[in-house]
Amino acid sequence: MDGLGFLVAAASFVMVLIALNKISKLDSSLAQLKLQLGNLTDELAKPRQTGDSAQQAQPAVEAVLAIEAEPAIEAIAAVEPEPATPPAPPPEPAPVRPPRDMEQALASRWFVWIGGVAIAIGGLLFVKYAYDNGLIPPALQVLFGLLLGAALVAAGEWLRRRPSTQSGETDYVPAALSAAGLATAFASIFAAYALYELIAPVTAFAGLAIVALGALVLSRLQGPLIAALGLLGSYATPALIPSSDPSAWSFFPYLLIILIACFATLRGRNWWWLAFAAIAGSGIWALLWIGGGVYEPSDRIPIGLFALLLGAIAVFGIRGLDILDTGSGSLKRPGSMTQPLIAGIAGIAVAAGVLAFLVGQSDHSALALALFFLGTAAAVALGWAKRGLSPLAVAAALVSFLVLMLWREAAFHQFAMDETGYWTSLPGAGASEFLNWMMAAGAGFTAVGLAGARLKVRPSMWAMIAASSSFLFIAGAWARVDALLPDLGWVVASFGAAALLLAVVWLERDRHDETN
């Protein structure tokens with residue numbers, strides 16, 4: 001088949017696709033006309049039945065009148081009857097939508113999707129066929145591919161805006177045509193870069209990103225299929241166009257733009273899969289960057305800031321500050337959680353994973369730890385501000401403890417039992433920094449827990465944070481770097497934490513006595 005024959009075949013398939021959609025519309029319209037005709041026939045039959053009943057009752061009435069006496073007839077005639085009020089017409093029955101059979105469903109939906117996929121594959125095969133046979137110069141091949149993609153997108157939008165005779169039926173042809181056009185444009189730009197080397201990697205990356213983000217914008221008009229295609233293209237672009245000099249300062253802002261575009265697209269829609277897919281895609285790309293061999297120490301700031309913004313967008317990107325209302329649900333009752341809150345918790349979990357992985361990859365550098373604990377403080381603040389999210393603060397304390405305990409340079413041969421029977425360890429290069437971070441984190445979580453125990457209406461969860469933190473962080477520090485402090489120092493720290501907890505318990509007792 002030559003290039004002209006291929007174009008004719010593609011055009012014929014488009015015409016068949018549109019014809020199938022027209023047939024499905026006509027089938028639906030015909031079924032509705034049959035229903036309306038049946039209702040009209042029932043309405044016309046009611047007066048006829050009423051007239052027949054009146055004709056059957058007329059001889060009986062005449063017989064009764066013949067038996068009656070003449071004076072009674074005159075008396076009745078002297079009385080002027082009041083005009084009878086005609087009965088109100090019965091309400092018209094609501095039109096019932098005719099049931100859709102399997103044939104109509106296939107004609108109106110699945111054939112359309114299959115046709116859109118076939119058109120997209122046809123555009124890709126045409127580019128390859130023209131490349132293999134040298135039909136037209138590469139620049140014209142790319143130009144024709146872009147024009148074909150733009151034409152399909154324009155045709156899809158034109159069909160969407162055109163008035164439809166269908167009532168309550170979804171027209172799938174516009175989205176199918178637009179999806180085929182976006183795929184063709186995506187393939188043309190990639191071919192210009194990978195096959196013909198007509199454009200630079202930066203230009204190809206920008207072009208693919210524009211097409212993918214344009215698909216997300218177009219999905220607000222044409223439905224979730226376009227959103228899925230845009231999201232897939234957005235996250236596939238970095239893999240298709242690798243950079244010879246990757247930079248975290250350009251890559252993570254790109255991921256941030258995709259995330260913002262997805263949550264902006266989700267506003268007013270129920271495509272919750274889009275939120276979870278965007279969160280997962282952002283987290284996977286961040287983890288691949290950190291552990292994929294391109295990570296450098298200078299990448300800590302852009303990666304850390306991206307993770308913090310990822311959590312913030314996931315929490316507030318859909319409902320804003322309204323997510324703090326009690327109506328959004330509670331972690332204590334998972335069944336009551338709304339989809340925006342579930343997406344927010346998922347974003348916090350992914351952001352915490354990225355920050356924890358960054359801390360481990362940077363050998364617990366001070367900058368990475370500062371970014372991690374900044375995110376931890378934000379999670380604790382969210383658990384404080386929203387009722388029912390106090391378990392989030394508990395999780396933050398446990399994750400912080402685990403991240404610090406995995407400090408490789410804190411000590412060597414840790415948890416080794418010596419002949420005296422005590423847990424001992426050989427301090428490493430980061431032993432002092434480890435001890436400082438452990439003590440600071442333990443003191444911080446203990447203070448937050450004590451404040452919650454004093455100020456919150458339901459203080460049990462916050463009291464548990466205070467009690468567990470005062471024990472875990474001191475015990476963990478002693479287990480890893482027991483040689484840095486004398487035994488008296490560990491005893492003083494333990495008794496100080498215990499005295500602080502007892503003081504708070506005593507103050508709580510006084511407050512309860514005053515209120516009772």
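The values are calculated or read from the model by the stated rules, or taken from the named source; none is laboratory data. Because the structure is predicted, anything quoted here is derived from the model rather than measured. No Cβ is skipped: glycine too gets one built from the backbone with ideal geometry, and neighbour counts run over all protein chains shown. Just the protein is used for accessible areas: all its heavy atoms, side chains included, with ligands, DNA and RNA removed. Shrake-Rupley method; radii C 1.70, N 1.55, O 1.52, S 1.80 Å.
Here are the numbers:
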read-out	value
Separation in nanometres of the label points that stand 7 Å from Cα toward Cβ, at K456 and L40	6.9
Cα→Cβ-extended label distance, 7 Å offset, between T338 and A236, nm	3.5
Value of D in µm² per second that Stokes-Einstein yields for segment 171-311, Kirkwood Rh from Cα pairs, at 10 °C (1.306 mPa s)	101
Trypsin sites (Lys or Arg not before Pro) restricted to DSSP loop in segment 281-372 with at most 15 other C-beta within 10 Å	K332
Gained length - A194 relative to M439, 0.36 nm times residue gap less alpha-carbon distance	82.8 nm
More than 17 Å apart - percent of Cα-Cα pairs taken over segment 183-256	42
Segment 219-284, accessible surface, carbon-and-sulfur percent (1.4 angstrom probe)	69
Unit charges on C-beta of K, R, D, E only; dipole of segment 248-380, Debye	420
Segment 133-268 - charge dipole about Cα centre, Lys and Arg +1 at Cβ, Asp and Glu -1, debye rounded to 20	340
Cβ-placed point charges (K, R +1; D, E -1), dipole of segment 295-445 about Cα centre in debye, nearest 20	740
Efficiency of FRET from Cβ geometry, A366 and L398, R₀ 30 Å, rounded to 0.05	0.85
Three semi-axes of the equivalent ellipsoid, segment 242-324, Cα gyration tensor, whole Å, largest first	26, 13, 10
Carbon + sulfur, % of accessible area of segment 295-407 - ligands and nucleic acids excluded, 1.4 Å	70
Inter-centroid distance (Cα atoms) of segment 375-415 relative to segment 198-259, Å	34
